1. Are there strands (runs of 3 or more DSSP E) fully within segment 200-249 with at least 2 residues that are under 21 Å from GLU30 (Cα atoms)? List them.
2. List the helices (runs of 4 or more DSSP H) that sit entirely inside segment 713-770 and contain at least 1 residues that are hydroxyl-bearing (Ser, Thr, Tyr), closer than 15 Å to THR504 by Cβ and over 25 Å from the mean Cα position of the chain (by Cα).
3. Are there any helices (runs of 4 or more DSSP H) wholly within segment 923-1025 with 2 or more residues that are free of Cβ contacts under 8 Å to residues at least 12 places away in the same chain, of a type outside the set (Gly, Ala, Ser) and open to solvent by 10 Å² or more (accessible area, probe 1.4 Å), and if so which?
4. Given the conditions (1) open to solvent by less than 10 Å² (accessible area, probe 1.4 Å); (2) farther than 25 Å from VAL568 by Cα; (3) part of a helix (DSSP H, G or I), report the number of the one that VAL847 does not fulfil.
5. Identify all residues within segment 722-775 that are without any contact (Cβ under 8 Å) to a residue 12 or more places away in the chain and touching a strand residue (DSSP E or B) at 6+ places or on another chain (Cβ under 6 Å); write none if there are none.
6. Which number in (1) over 19 Å from GLY727 (Cα atoms); (2) in contact (Cβ under 8 Å) with a residue 24 or more places away in the chain; (3) open to solvent by less than 10 Å² (accessible area, probe 1.4 Å) marks the one condition that ALA834 misses?
7. Among the residues of segment 472-492, how many are in contact with a Phe, Trp or Tyr (Cβ under 8 Å, 6 or more places away or on another chain), crowded, with 24+ Cβ neighbours inside 10 Å and more than 12 Å from LEU856 (Cβ to Cβ)?
8. Out of the residues in segment 44-70 that are open to solvent by less than 30 Å² (accessible area, probe 1.4 Å) and β-branched (Val, Ile, Thr), state the one that is nearest to GLY270 (Cα to Cα).
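The values are calculated or read from the model by the stated rules, or taken from the named source; none is laboratory data. These figures come from a predicted structure and were not determined experimentally. Please note: Cβ atoms are built from the backbone with ideal geometry, for glycine as well, and neighbour counts cover all protein chains shown. The accessibility values were calculated without ligands, DNA or RNA, using every heavy atom of the protein model including side chains. Shrake-Rupley method; radii C 1.70, N 1.55, O 1.52, S 1.80 Å.
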Amino acid sequence: MGDMSNSDFYAKNQRNEGNHTAGFGCSVMELRSLMELRGTEAVLKLQEDYGGVEGLCTRLKTSPTEGLTGATTDLDKRRELYGKNLIPPKKPKTFLQLVWEALQDVTLIILEIAALISLGLSFYHPPEDTTGASCGAAAGGAEDESEAEAGWIEGAAILLSVVCVVLVTAFNDWSKEKQFRGLQSRIEQEQKFQVVRGSQVIQLPVADIVVGDIAQIKYGDLLPADGVLIQGNDLKIDESSLTGESDHVSKAADRDPMLLSGTHVMEGSGRMVVMAVGVNSQTGIIFTLLGAGIVEEEEKKEKKDRSHHSSHPIATITTDGASGVNIGNASLINGKMQDGNMEINQTKVKKQDGAAAMEMQPLKSAEGGEADDKERKKVNVSKKEKSVLQGKLTKLAVQIGKAGLLMSAITVVILVLNFVIDNFVLQKRPWMPECTPIYIQYFVKFFIIGVTVLVVAVPEGLPLAVTISLAYSVKKMMKDNNLVRHLDACETMGNATAICSDKTGTLTTNRMTAVQFYCADMHYKEIPDPGALPSKSLELLISSISINSAYTSKILPPDKEGGLPKQVGNKTECGLLGLVLDLKRDYQPIRNQIPEEKLYKVYTFNSARKSMSTVVKLPDGSFRMYSKGASEIVLKKCNRILNEVGEPRVFRPRDKDEMVKKVIEPMACNGLRTICVAYRDFPGVPEPAWDDEADILSDLVAITVIGIEDPVRPEVPDAIRKCQSAGITVRMVTGDNINTARAIAIKCGIINPGEDFLCIDGKEFNRRIRNEKGEVEQERMDKVWPKLRVLARSSPTDKHTLVKGIIDSTMVEQRQVVAVTGDGTNDGPALKKADVGFAMGIAGTDVAKEASDIILTDDNFSSIVKAVMWGRNVYDSISKFLQFQLTVNVVAVIVAFTGACITQDSPLKAVQMLWVNLIMDTFASLALATEPPTESLLKRRPYGRNKPLISSTMTKNILGHGVYQLVIIFTLLFAGEKIFDIDSGRNAPLHSPPSEHYTIIFNSFVMMQLFNEINARKIHGERNVFQGINKNPIFYSIVLGTFVVQIFIVQFGGKPFSCQPLDIEKWMWCVFLGVGELLWGQVMATIPNSRLRFLRRAGQLSQKDELPEEDVNEDNEEIDHAERELRRGQILWFRGLNRIQTQIRVVNAFRSSLYEGLEKPDSRTSIHNFMTHPEFRIEDSTPHMPLIDATTDEESARINRKYSSQPSSPNKNNNAIDSGINLNIDSSKSAASSSPASPLHSLETSL
């Protein structure tokens, strides 16, 4: 399969081969074959054939330092010769294909067949003479010839209405497809890459990269093309998407310089020259093998239509996980949604599986492609569980379908029996052969009525409503800075119960500024005049910051006059560079003096090191290493510090403790991030063993500790308040130190002074959740997470462990739905594991964006709150639609069923039913699914996974309105002729003309639906159903439009619609009965739900075994007596425990106050105060040292939490605490805590 297409492709390129000498020194094929080599083999080939990377650059007419000139003629020539950096898209489905798909619907097929039979039979007339007598009632009553001949109209009308339904469905799918293509291209334009052109570093859209470009690569990038490394620092690549090997591959210009598209940079940085783009790159070749852009293959492949592609620049190929060839997932969204059914977008393939999918070597023949296909089918099995809403809807649709099928079957059976008994038993007629077609015609009519009941019963509009609602929300969420990559994420977000957020950039502005620093034995509260510092210290500080930071981090002049300078690159480094500028110096001359190539060795920053170091060779041949990183980590490695004249002096552990208390903690308590800058000199001979990192990064000399401020975004505290009132717990997971994290959490409102919540660091977190063997235990995790609000100094694995622990927890009756924000490459696993992963659009790395479900284009926490609002709105829209739809279903099915049984004919004809179905399904889903969200959505708790889709209020409304409509319709059916003084339409013969009587029933029915649609806008029992209707033009235009069409159908519909024109008075009556719906809605709103206990089970359509929300809450309040006794005993236990604890605390406090001299005398005055004073109150600036080993608290807290009614709600304290006992869980350990050997310690542990 691939061979043919590839050979065509090669042929095209061979034509260019001839003229390559005219342009460049390498042909496409040469470069392609070069990129297939690896390791030393590649290095040798480069040296022998091209004279190294420099020789290669010369042949490609590019400069390794200055890049391409950027002249358009040159770029066009390169594109023509080497191709563009995108993979040709797969053609979207045509409108006709979509129509064909819509026709596959089973109910529609049944209807079509029935209509065709009816149509065929209507042309048969029995011989004249026998008609009257022998076929009896069957043929009687065809008043005149024209009427009898009009029998075909019904069949034709049904076919016509089927065509309408199909066209509407196909059009919806088509417009949806178009939207997602638009979305896809938007995501592609978002992806840019840093390239050097004309000595300037610029951001280019990935599709614009050409062969010969010099690309700057850094930690977190997804490589957009194949290339050869020119220069790299500590570069490690994750090539699992191409090779299936999960180990990171270390790259260096002299060892293994080959970089491949679609692979991820996991560490380090560097520069590469681009060698192959688009279909010529390694990932592109695989796509070609799988027939991605090959039109000839297209026809054959329609059958196994599984590879939904979109036109991507190469970098977005691996949209789900890192699966480089996971074509099924190649397009983010449009492929996912192509079949209109929501299931497809569940295949979130996990990273490793994707890796496994590509075990083959890139250039195998067609068989390779096929094998890979099978491989991938296996991979795709690992689906994420269905989203909450889908699960509930699928269940509901199945139940409704079963009920509908049953009703329609019974209807048909009753109609047939009634006819047979009436004709052949009661009137004792023989079965005449020539009458058979007439009898069959009756049976077909009965069958059509049955199918119509089924059509009305099955809510085909459900998937449509969901799709419209989601597509509409996704489009609008764009405006709210949410770029949704997986449709279902939007709706899952409405159920979120927990958000684990990063601190930097999400809760804070990510605009770092150095505001305090400690240097030369002085703590400066603001940046001093450079003259105040010893010149030696100043020089070291300036060089260290300038050299030991990524050269891509810069501070540029502001865009507009009077604005703030622009920070480019790593924001923390920009804060430090800003300090250099504040000290009236410039970093650029130093960087020019020591360009990036001259850096001897770079230890780049990663989450394990939490520091970055750069080694430079000094003129005298010795080495100097500059180091910077988290203050407590770098200070541990320092054994000297610069004194007031800039000379190193000894820095003892005691001094370190002093430093931590006097400098670092006060800075951290003001919410500053503290960075320590240090250096170390090495002799030139013998050269140090640079790979022995532990040895190299020790014995440092500390230069300074800098406090960097990252102010909280002004809109965040309000957004967090909204989350909390919406029943969502916000947790902060950050790499910062615990005091900084806590100070920021208080500023944001995540914790409030005086609340009993946990703030712990990663080390303590792991100590609490892991057993002796170091395995995470869910039981231990359940003791920690409900109270945890801040997790500081956390590693990416901690974040993943926390998310997994919360999701897997069974201690709360609802499974928690967790959203996570992340920006770094290391956040990938947590983003994947979470129910909804948010990646940062600005600060986020490509890897994080790949793993996420929604991209926040403005990196702002308040956009997450908007996502919650939209998610809940989707849920509500579906509920509104359901409430409306089910009322119509219930009424229409009962009317058709009873009408058929009593009068041998459904009062609502097949075509009328189809029209009602069209209003109900298509138009109502459009009208109700496009309601804009309101703030009030955030004033209630999340629905949760187990709460039924149909709440008791909705059940009440469905049944209430159903009763109203049935009463009216049956009154009209059995007494209508008397009320309006018209002929009765009941028991009419087969082809009789439409009656006014039945027209009034049909018209009133439709009017009631229209007005009930307005009622359906509110599902929580609100009184004002018109509120906000003016904000939704789609809604009122659909209602008015339907009304106008109804007038036309009744007045001019005639025979096809079985309608007789009505006069104005009868019209007024129909409309009046419709308006009655609104009044009845007010009556329904007055009836309290508590009166309607029996409705409880009815509201349980979606999950039979769970309790509705109200019941759950009542259960929490009412505990049986045995349990109450148990609690009483427990409270006594707690009291005893607490007394002992208090005594230990007092002893500890004395010991620690002697030991530390830290406590303020007034902060703890009495024993009572000890009990009520949580460790988190930060009223005084000195941080409190915890006063008791946390093990005891942990034990008691566990028992305590076990009985608390709602573990995760901040405001409901549990019984033990209500009884005046306050258990504090200490936020951090300290030296003050009793030492393990002490007798006190053994007393504590035995507790």
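1. The qualifying strands (runs of 3 or more DSSP E) are 214-218, 226-238.
2. 738-748
3. By residue number, 952-980.
4. With (1) open to solvent by less than 10 Å² (accessible area, probe 1.4 Å); (2) farther than 25 Å from VAL568 by Cα; (3) part of a helix (DSSP H, G or I) applied to VAL847, the lone miss is (2).
5. To start, the set of residues in segment 722-775 that are without any contact (Cβ under 8 Å) to a residue 12 or more places away in the chain comprises 752, 767, 770-775.
Matches in segment 722-775: ARG770 only.
6. Single failed check for ALA834: (1).
7. The qualifying residues number 3.
8. VAL53
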